[in-house]
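The values are calculated or read from the model by the stated rules, or taken from the named source; none is laboratory data. As the structure is a prediction and not an experimental result, all values here were calculated from the model. Here the Cβ positions follow ideal geometry from the backbone for every residue, glycine too, while neighbour counts run over all protein chains shown. For the accessible areas, the whole protein counts, side chains as well, though only heavy atoms, and no ligand, DNA or RNA atoms are used. Shrake-Rupley method; radii C 1.70, N 1.55, O 1.52, S 1.80 Å.
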Amino acid sequence: MKIAPASGDALIVVDMQNDFLPGGSLAVAGGNEIIPQLNRYLAHFSAHQLPVFATRDWHPASHCSFQSQGGPWPPHCIAGSDGAAIHSDLKLPANVHIISKATSPETDAYSGFTATQLNELLQSLHIQRVFIGGIATEYCVLNTAKDALRLQYTTFVLDDAICAINQQPENGKRALEEMIRLGARPVHYEDLIP
Ligand code: VGL
Ligand code: ZN
């Protein structure tokens, strides 16, 4: 399948933050290995002057998803901390749209669309197709893709630039299958027409 990125397309890079990468407090094994691949997509979208969005988990120190508050996760991505910073090897364009999510203590949000301006921004830029990559496949990538599909965006998942936590070995694989079943199309960098 060949795809030509064109006007109306946007790239959404999900949660490529230090805490989710090796060395971080909720490190996803292999998460760093998708950085070069995401950089190829970023270069492609930038070369075509297509908009780029980067979501980030941006939690208060007492967030409900933390184990100390009865949640499932160790503390991670505390707003303004080094752990919450997007990895410096990721080559985001200067005009990247940063989308902060799960910013209030009492609610978690795995989707970049939950309680953010993402949909409004995409609408204002007349975006019809979104290309989604990043981490974690079975949490924030999955939920962002599901919302994109529900909101009627043609949704591509970057099969070669996502990474799963895999608390159970097949979680990432199953999440990709679910996205495809719901109508997302998997893409590989080689599918893009230069
Ligand atoms: C995420 C666990 C907790 C994610 C966010 O970005 O997939 N996972 N918070
Ligand atoms: Zn989180």
On the basis of being among the aromatic types (F, W, Y) and more than 14 Å from ligand 1 (Cβ to nearest atom), does F131 make the cut? yes
Within segment 5-14, is even one residue open to solvent by 20 Å² or more (accessible area, probe 1.4 Å), assigned to a loop (DSSP other than H, G, I, E, B), free of Cβ contacts under 8 Å to residues at least 60 places away in the same chain and farther than 21 Å from P186 by Cα? no
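Here's the yes/no breakdown for (1) under 18 Å from I34 (Cβ atoms); (2) among the acidic types (D, E); (3) within 12 Å of ligand 1 (Cβ to nearest atom):
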site	(1), (2), (3)
P74	no, no, yes
C77	yes, no, yes
D82	no, yes, no
D89	yes, yes, no
N95	no, no, no
I98	no, no, no
S104	no, no, no
G112	yes, no, yes
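Taking segment 141-194 on its own, how many of its residues are among the polar types (S, T, N, Q), open to solvent by 20 Å² or more (accessible area, probe 1.4 Å) and within 21 Å of T114 (Cα to Cα)?
3
How many residues does segment 110-135 contain that are small (G, A, S), closer than 28 Å to P74 by Cβ and open to solvent by 10 Å² or more (accessible area, probe 1.4 Å)?
Counting residues in segment 110-135 that are small (G, A, S), closer than 28 Å to P74 by Cβ and open to solvent by 10 Å² or more (accessible area, probe 1.4 Å) gives 1.
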So Q152 passes all but one of these: (1) under 22 Å from A29 (Cα atoms); (2) part of a loop (DSSP other than H, G, I, E, B). Which condition number does it fail? (1)
Would you say S65 is of a type in the set (S, T, Y), surrounded by 18 or more Cβ atoms within 10 Å (Cβ to Cβ) and more than 23 Å from E33 (Cα to Cα)? yes
I'm trying to understand the selection: among the residues of segment 44-71, which are away from ligand 1 (no atom under 15 Å from the Cβ) and part of a strand (DSSP E or B)? V52
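Would you call A43 open to solvent by less than 10 Å² (accessible area, probe 1.4 Å) and in contact (Cβ under 8 Å) with a residue 40 or more places away in the chain?
No: the conditions fail for A43.
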Select from segment 72-87 the residues that are surrounded by 14 or more Cβ atoms within 10 Å (Cβ to Cβ) and not in a loop (DSSP other than H, G, I, E, B) and write down the one among them that is farthest from ligand 2 (Cβ to nearest atom). I86
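Condition check ((1) within 16 Å of ligand 1 (Cβ to nearest atom); (2) aliphatic (A, V, I, L, M)) across all residues:
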| residue | (1), (2) |
| --- | --- |
| K146 | yes, no |
| V157 | yes, yes |
| C163 | yes, no |
| P186 | no, no |
| D191 | no, no |
Among residues belonging to segment 88-104 that are in a loop (DSSP other than H, G, I, E, B) and within 12 Å of ligand 2 (Cβ to nearest atom), point out the one that is least open to solvent (accessible area, probe 1.4 Å). A102
Given (1) closer than 13 Å to I12 by Cβ; (2) within 16 Å of ligand 1 (Cβ to nearest atom); (3) among the hydroxyl-bearing types (S, T, Y), number of the condition Y41 does not satisfy: (2)
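Specify which of the listed residues (P36, P22) is at pLDDT 95 or above, open to solvent by 60 Å² or more (accessible area, probe 1.4 Å) and part of a helix (DSSP H, G or I).
Numbers: P22 fails: part of a helix (DSSP H, G or I).
The match here is P36.
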